[in-house]
There are 6 protein chains.
Amino acid sequence: MNEKKTALIISAHSADFVWRCGGAIALHQKLGYEVTIACLSYGERGESAKLWKQENMTLEKVKTERRKEAEAAAQALNAHDIRFFDFGDYPLEINTDGKYQIVDLIRDTQPNFMMSHSKWDPYNTDHMYATEVAIQCRMIAQAWGHNPGEKVLSAPQLYLFEPHQSEQMDWKPDLFLDISEVWDEKKAAIECMQGQEHLWKFYENLAENRANHFRRNSGGQAGGKNCRYAEGFQSLYPRCVESL
Amino acid sequence: MNEKKTALIISAHSADFVWRCGGAIALHQKLGYEVTIACLSYGERGESAKLWKQENMTLEKVKTERRKEAEAAAQALNAHDIRFFDFGDYPLEINTDGKYQIVDLIRDTQPNFMMSHSKWDPYNTDHMYATEVAIQCRMIAQAWGHNPGEKVLSAPQLYLFEPHQSEQMDWKPDLFLDISEVWDEKKAAIECMQGQEHLWKFYENLAENRANHFRRNSGGQAGGKNCRYAEGFQSLYPRCVESL
Amino acid sequence: MNEKKTALIISAHSADFVWRCGGAIALHQKLGYEVTIACLSYGERGESAKLWKQENMTLEKVKTERRKEAEAAAQALNAHDIRFFDFGDYPLEINTDGKYQIVDLIRDTQPNFMMSHSKWDPYNTDHMYATEVAIQCRMIAQAWGHNPGEKVLSAPQLYLFEPHQSEQMDWKPDLFLDISEVWDEKKAAIECMQGQEHLWKFYENLAENRANHFRRNSGGQAGGKNCRYAEGFQSLYPRCVESL
Amino acid sequence: MNEKKTALIISAHSADFVWRCGGAIALHQKLGYEVTIACLSYGERGESAKLWKQENMTLEKVKTERRKEAEAAAQALNAHDIRFFDFGDYPLEINTDGKYQIVDLIRDTQPNFMMSHSKWDPYNTDHMYATEVAIQCRMIAQAWGHNPGEKVLSAPQLYLFEPHQSEQMDWKPDLFLDISEVWDEKKAAIECMQGQEHLWKFYENLAENRANHFRRNSGGQAGGKNCRYAEGFQSLYPRCVESL
Amino acid sequence: MNEKKTALIISAHSADFVWRCGGAIALHQKLGYEVTIACLSYGERGESAKLWKQENMTLEKVKTERRKEAEAAAQALNAHDIRFFDFGDYPLEINTDGKYQIVDLIRDTQPNFMMSHSKWDPYNTDHMYATEVAIQCRMIAQAWGHNPGEKVLSAPQLYLFEPHQSEQMDWKPDLFLDISEVWDEKKAAIECMQGQEHLWKFYENLAENRANHFRRNSGGQAGGKNCRYAEGFQSLYPRCVESL
Amino acid sequence: MNEKKTALIISAHSADFVWRCGGAIALHQKLGYEVTIACLSYGERGESAKLWKQENMTLEKVKTERRKEAEAAAQALNAHDIRFFDFGDYPLEINTDGKYQIVDLIRDTQPNFMMSHSKWDPYNTDHMYATEVAIQCRMIAQAWGHNPGEKVLSAPQLYLFEPHQSEQMDWKPDLFLDISEVWDEKKAAIECMQGQEHLWKFYENLAENRANHFRRNSGGQAGGKNCRYAEGFQSLYPRCVESL
């Protein structure tokens, strides 16, 4: 276990991390974690409609804009380590060398936990592909025979963050995280997403409603913590505990 | 929340708690919890084959023997509060008054967590019925209009303990508990089950193998805690946390 | 098929219909349907915490208050036919005679569609029990030998309306209904629920977010209808159509 | 294990066994099994529409007709042991005494295998209830403390026979049985069902198509047995074998 | 939305569309749709056993025969737009350029709905791969940054047509389509499949039985439309409606 | 069907077959089968931690050691035909030519049954990939147009052998195989795995406990065969039988 606690977020497109786990990022930065955000693509082709509607737009300009937004959002969340892999989107495709770059990052950061997308997403195959790669690279990072001599990875949890339209994605949260105290940071990060203003309200609503679920599950009418904003996660692996 | 931490185990037959969560009981007693064990029946008809093979056996004698065994096992686990409801077994059937008795117990103990059987069990319908009743009584205990004036229940987790033949029961653990330090107590409790000696080895094997899963999930080849015995549980409700 | 179109909502407790399908009710009243709302209980014990916290409260007073709220909400939705069965709640229990009363109502109304709760609900067993009974009574109403001579029921769809915490209930919508034009009515109905003010915002948020899903599924960034509020439903039976 | 091989079919209504496992019954009679058919009800209210459309029909007349049909069908299948429990239908409801009658039958016949309906059926709750009871009674029959001194049941497979609209019932066959050589008997049994002539063709079609699945799974284009009629079954319990 | 309504069928092998959705094709042509059929391969290696059993057969001859059959079948269905991609079969493998060709077709046709195979098929991995590609290409066609300036795709439904052995494929229909009035066309198309005569009866049986399901679900014994032939479909995405 | 019975085991890494189906291999060799074991990789990078901890280790040395171990284990099981494909591990990646080599092996051996890994494995993506390839190659081997003139494959069952942590893999056994009489051989094979001594006890425990399940399912307390060691399997395809 590292002295410094770390976390690694694997985001298919450059904005995904903001909506889906911005609160978790800001909270853990505040708790002393070093959170690394890996953007596998910029979402330059498939998630930049507003930019493409402008005249004289080019792929490079879109990437530059998307990168700026993502960097600003990361800063709003007090996350200082954001990486851009530029593997392309719609479709996202990663060859063996690309996977080894992700393995290197996993080993460098030795994350206490990882996060990525839901296992199924018929609206966006890049999302489920990112998780497939995350699972595979986590496995390679655990292999003693991959770049022998390097420190191998332990067994960090992989949290699947909340997709858009959770039920269509066969996603079911088993964990709610209270993000009330970093809501302002998450909101600021969301507002960096100038191209997707139509989603700002959606994710504020969602955070409020997940807080209701937090209250309902943590004490209900009989008490419970006054959580105002929350995020939900699905754990891919079982937990190992010494006390319930 | 009580000053004293409490837990409530709902066991369809009088021996179920030993095999399925004896470690969790002993460990939490050691951690300062008051654990209450509710035996809905003695398993007198369906789980006492060895006794019935003796001559001149009667239902009352079987119940007496089963009760003694269960009390001895509870004592071996350092659990001092075991209740017998005697609702009958094969089939277990509980009417509204019976349910209200369970609700009373839930409210009296105000458990920090509850435990019961898997949701599906085609080998033993008493097991899944016990869980159905546990869920229903937990709900009634939360109702302000049930015996108004009494303290209502908060929202404790309901852990589903491991059934026999986990896969046939659609049971999937999301939590492993290290019970190494109370293994001797669990083993002693198991050995109180004179009528089911053929299962002693089975559950020792299982605890060793679940410990392997604990090690695999908590650090794998790269380290992790040296857990030697473990129990697995499936959480029925999501967790609400302030930090991952 | 009737000249007049009809629908039947089966609600475990007297307020459930408001949050879960108030929009569908108001919309279909506007479209010329006669919508009947059947409240199997008042939710008098389990869903009236605010009333029970008042002094000198009795079961009868709670029922009276809950009935008034439900009637006001139905009126806000322009629904003129609301029935109260008073079968009791926490737990809701219906004997054979009670089921026959529901069958009578189904046959009298000959609904073009029915609505009830999700199939699974570990938070509230009354909800899943209401659906179990709805399925059973729909079947009895189809039987030629039940009260021979009466008009038997055809095969109306049973829509499962959205539960609280959809993923925990294994509920997955296959249909979104645009309720924008009756949102004011639904909001007014919601505000009749004086005892549950803490949920008003929750369900407004939810309606806005389901509208996002409506837009996403009906045309996405490329167009689609400007739906502002929506409700989701899961169909229990397949549809039979003459054109896609 | 008995010298004589036996099987027990548990049929919610008196005609169910014909369509769903008539081939299996006739085949096993031919193979030397004694097959017992238990009809829990006559389907007198819910599955006798044609009779109820006649004038001056009464419940007793319907039962008499349905019984005659079922007896004729059993005879056509060369099954000589058919029992009628008359528990009522739509809904089928069985109390503890009724369950004990079924347990008695199970113990008397000591079946090598049992058959009943699918686990889920939103069109016909009697069907899934029959299976629920079959599982429970099989368990009671295994209990040494139920009527001590009687021979307890071993662990026979429970095959779930094919429902109408298999996919809606979450039914998936893991076994196809070649019934070509007894097709004439099954057809004759089907034609005893004068009240449901509209289904004759349906089940002939189905048997032909399941035979296609048999051929596909047993050798495909490369060979395989020339099966012309088949029935599908889903096993509730795993098999225990000494060779694959 | 186009003036002219359109539909796009994505068929892994050249004959798949006939058996699985020939009725839907013919019916929608009759209703004024322009239906485009995309055959990703000829099924030349894996689904042409009868041809390969002839002497001196070559891959090119097989493709030519299969193409003729498919063209004749399309004509029988009154479908005038059938495309052949020749990506190869057993296994079907499509690289990024191939996917872009499919995207081009999707954008050109702007379909009101799409159709493809079930999500799982352990008998034929080409089938599930075709659907995987269909979902991915639908997504790319929606991306503003893919060939900027082209008209992007809206959000058409993707219907999964009925596989062979539906239960083995985890396929569950939520929609039945009455194809009675185009049955003669579908039958004529089926009879173009000279190499698979052993399946003609199978799919006639299936259409009759799905019609039974149509009648059962649309009114049952109490009435309903006299549908004689039907096809079943599973919707991948939820519907968005303005009235139930 | 061959005169000689054959079986084909597809093992992602060179040791997998020992733990997961060593008993099935030894038993079927004893029964006169010719069992072929195909090791797709040596597990040289990901499953050889103990070797990599030695000084001056190289990839070739690891492969050599792993191959020796696997050959010794096969010999202990009396299996004389073990093939090594050396496709690489962590990740295992097989191109079209590699798949054709596997198809050749399937056609050469014409197996009566095949075995491979579970369909899902979030700990080890090589495992689920091996099964994906096994399903695909089985399909290609059935194609008359793949290497026309060769003998095509019939329709052998594909048994999924037991993974580590069965519930996490969505694996559910439908078949238990009694391996008591070859346990000594399996134990000897296990002890060839010098690098994984920490798993010896685990799999002995598992075999004992699966034997308990065998006894429970084959007769329970009332009798049943005295099975002492067993292996569990999940069948991918339904069985086709002539008698139950």
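The table that follows gives values for the structure above.
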{"quantity": "Teacher prompt: F:Gly32 distances to equivalent labels in other copies, 7 Å Cα→Cβ, nm", "calculated": "2.2, 7.0, 7.1, 7.1, 7.7"}
{"quantity": "Segment F:81-140, accessible surface, carbon-and-sulfur percent (1.4 angstrom probe)", "calculated": "41"}
{"quantity": "Charge tally in the Cβ shell below 10 Å around F:Phe84, where Lys, Arg are +1 and Asp, Glu are -1, F:Phe84 excluded", "calculated": "+2"}
{"quantity": "Karplus-derived 3J(HN,Hα), 6.51/-1.76/1.60, for each residue of segment E:184-196, Hz, glycine and proline x", "calculated": "4, 5, 4, 5, 4, 5, 4, 6, 6, 7, 4, x, 10"}
{"quantity": "Cα-based shape type of chain F, given that a ≥ b ≥ c are square roots of the gyration tensor eigenvalues and the cut on a/c is 1.5", "calculated": "oblate"}
{"quantity": "Percent RCO, i.e. relative contact order, over segment F:6-196, from Cα pairs under 8 Å lying at least 6 residues apart", "calculated": "31"}
{"quantity": "Inter-label distance for A:Asp104 and D:Thr64, nm, one decimal - labels placed 7 Å from Cα along Cα-to-Cβ", "calculated": "9.0"}
{"quantity": "Members of segment E:107-124 that become less accessible by 20 Å² or more once partner protein chains are added (1.4 angstrom probe, chain alone as reference)", "calculated": "E:Lys119, E:Trp120, E:Pro122, E:Tyr123"}
{"quantity": "Share antiparallel - DSSP beta bridges, chain D, percent rounded to 5", "calculated": "30"}
{"quantity": "Note, ³J(HN,Hα) from phi for segment D:69-79, Karplus 6.51, -1.76, 1.60, rounded to Hz, x at Gly and Pro", "calculated": "4, 5, 5, 5, 5, 4, 5, 4, 8, 6, 9"}
{"quantity": "Residues in segment A:21-64 that a label on E:Lys151 would reach, taking backbone N under 19 Å of a point 7 Å out along Cα→Cβ", "calculated": "A:53"}
{"quantity": "Accessible area buried between chains B and D, both sides summed, probe 1.4 Å, in Å² to nearest 100", "calculated": "1500"}
{"quantity": "Closest Cβ on chain D to the rotation axis that carries it onto E (distance rounded to whole Å)", "calculated": "D:Asn205, 2"}
{"quantity": "Cα-centred dipole magnitude for chain E, charges only on beta-carbon of K, R (+1) and D, E (-1), debye, nearest 20", "calculated": "500"}
{"quantity": "For A:Gly149, inter-copy label distances in nm, listed shortest first [label point 7 Å out on the Cα-Cβ vector]", "calculated": "5.2, 5.2, 7.9, 8.2, 9.6"}
{"quantity": "Simple label model, 7 Å out from Cα along Cβ direction - D:Lys53 to D:Glu191, nm", "calculated": "2.2"}
{"quantity": "Label distances, nm, C:Gln75 versus same residue in remaining copies, Cβ-directed 7 Å point", "calculated": "5.8, 6.7, 6.7, 7.1, 9.2"}
{"quantity": "Unsatisfied cross-links (Cα-Cα over 20 Å) in the set C:Lys5/E:Lys172; A:Lys68/C:Lys225; B:Lys50/B:Lys201; C:Lys151/D:Lys53", "calculated": "C:Lys5/E:Lys172; A:Lys68/C:Lys225"}
{"quantity": "Solvent-accessible heavy-atom area per residue, rounded to whole Å², over segment A:101-244 at 1.4 Å", "calculated": "31"}
{"quantity": "Shielding by other protein chains, B:159-167, mean Cβ within 10 Å", "calculated": "4"}
{"quantity": "Computed E for F:Leu31/D:Lys225 - FRET, C-beta separation, R0 25 angstrom, nearest 0.05", "calculated": "0.65"}
{"quantity": "Shielded by partner chains, segment E:25-59 residues - at least 30 Å² of accessible area, 1.4 Å probe, vs chain alone", "calculated": "E:Arg45, E:Ala49, E:Trp52, E:Lys53"}
{"quantity": "Percent of beta bridges antiparallel (DSSP, the protein assembly as shown, rounded to nearest 5)", "calculated": "25"}
{"quantity": "Packing rank of C:27-35, E:50-58, where each peptide gets the mean count of other beta carbons within 10 Å, highest leading", "calculated": "C:27-35, E:50-58"}
{"quantity": "Nonlocal amide H pairs with D:Cys240, under 5 Å, H built at 1.01 Å", "calculated": "F:Phe176"}
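The values are calculated or read from the model by the stated rules, or taken from the named source; none is laboratory data. Bear in mind that the values here come from a model prediction, so they are computed numbers and not experimental data. For neighbour counting, all protein chains shown are included, and Cβ atoms are generated from backbone atoms with ideal geometry for every residue, glycine included. Please note that ligands, DNA and RNA were not included when accessible areas were found on the heavy atoms of the full protein model with its side chains. Shrake-Rupley method; radii C 1.70, N 1.55, O 1.52, S 1.80 Å.
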